[in-house]
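A.B. asks: Below you'll find the structure I mean.
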Amino acid sequence: MKSYTAMKYLSPNPNPVHLPKTPAIHYIIVGTHYPPYTNSKVVGPSSEVQRMFVPAFLKTNKCKLFISGHAHTFEHFRKANKDFMVIGGGGGLLHPTLTGREARYRDLYSGNNRMFHYVTIGVQKDSMVVRVKMINRDFRSFGEVHRVGIEK
């Protein structure tokens, strides 16, 4: 299996996006450390990521999921029918988030529990399923708190 870096195939300039033209690739997941969107009270959204990655991501049909970290929380946003997730709750102090009228962006994760978490991604016949598992309050087990199906 070949490994590609995002910048090799996603270009920040207005020229057409360069992607492998193979029908075997149905989904492209883009990941950056800094989030283009976040409601974290500790760190802000990255205007550089918004400028350098988001336009090509939105233009590219096969780009389905944009994941990032830096903000130590879980958040799920949707822009132009594309999914953006901040999955920074794997360690370190958790960040509180802006909510209600203070929120910069509408967060699709409505749970009150924003604890340590991990994400699994599975591909089914015609969709990719993203599951978020968060540590339970007993700190001994994880439970699924959010699930998203993303179609081809």
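The values are calculated or read from the model by the stated rules, or taken from the named source; none is laboratory data. All of these numbers come straight from a predicted model, not from anything done at the bench. All Cβ positions, glycine included, derive from the backbone under ideal geometry; neighbour counts span all protein chains shown. Areas reflect the complete protein model, heavy atoms only, side chains present, ligands, DNA and RNA absent. Shrake-Rupley method; radii C 1.70, N 1.55, O 1.52, S 1.80 Å.
A.B. asks: Once the convex hull of the alpha carbons of the chain is built, what does its volume come to per residue, in cubic angstrom?
C.D. replies: On the way: hull volume 19.2 nm³, N = 152.
Per-residue hull volume (Cα only) is 126 Å³.
A.B. asks: What percent antiparallel are the DSSP beta bridges of the chain, to the nearest 5?
C.D. replies: On the way: 23 of 32 bridges.
Percent antiparallel among DSSP bridges in the chain is about 70.
A.B. asks: Take the chain, connect every pair of alpha-carbon atoms lying under 10 Å apart with a spring to form a Gaussian network, then pick out the residue of LYS79, LYS125, LYS62 with the largest mean-square fluctuation.
C.D. replies: LYS125
A.B. asks: Which percent, nearest 5, of DSSP beta bridges in segment 25-113 are antiparallel? Numbers along the way, then the final one.
C.D. replies: Values: 7 of 16 bridges.
Once the DSSP bridges in segment 25-113 are tallied, antiparallel ones form about 45 percent.
A.B. asks: Around HIS95, which amide H atoms from residues at least 5 apart in sequence, or from another chain, sit under 5 Å from its own amide H, with H modelled in the peptide plane?
C.D. replies: Amide H neighbours of HIS95, under 5 Å, 5+ apart: HIS72, THR73.
A.B. asks: Follow-up question, since we're still on this one. How much accessible area per residue does the chain have, in Å², with a 1.4 Å probe? Working shown, then result.
C.D. replies: Numbers: 8980 Å² over 152 residues.
Each residue of the chain exposes 59 Å² on average to a 1.4 Å probe.
A.B. asks: Can you give the calculated 222 nm mean residue ellipticity of the chain, where each DSSP H run of n ≥ 4 adds -39,500 (n - 2.57) and the sum is split over every residue, rounded to the nearest 500 deg cm²/dmol? Mind showing how you got there, number by number?
C.D. replies: Details: 3 runs with 16 residues, N = 152.
The helix-only estimate for the chain comes to -2000 deg cm²/dmol at 222 nm.
A.B. asks: Once you put a point 7 Å from the Cα of PHE142 and another 7 Å from the Cα of ARG51, both along the Cβ direction, what distance in nm separates them?
C.D. replies: 3.6 nm
A.B. asks: A further question follows. Compute the FRET efficiency between VAL123 and ARG101 as 1/(1 + (r/R0)^6), taking r as their Cβ-Cβ distance and R0 = 25 Å, and round to the nearest 0.05. Each step should come with its number before you reach the end.
C.D. replies: Numbers: r = 38 Å, r/R0 = 1.52.
Calculated value: 0.10.
A.B. asks: Would you mind calculating the gained length between TYR27 and SER110 on full extension (0.36 nm times residue separation, minus the Cα-Cα distance), in nm to one decimal? Don't jump to the answer; show the numbers that get you there.
C.D. replies: On the way: separation 83, 0.36 × 83 = 29.88 nm, distance 2.58 nm.
Extra length from TYR27 to SER110 when fully extended: 27.3 nm.
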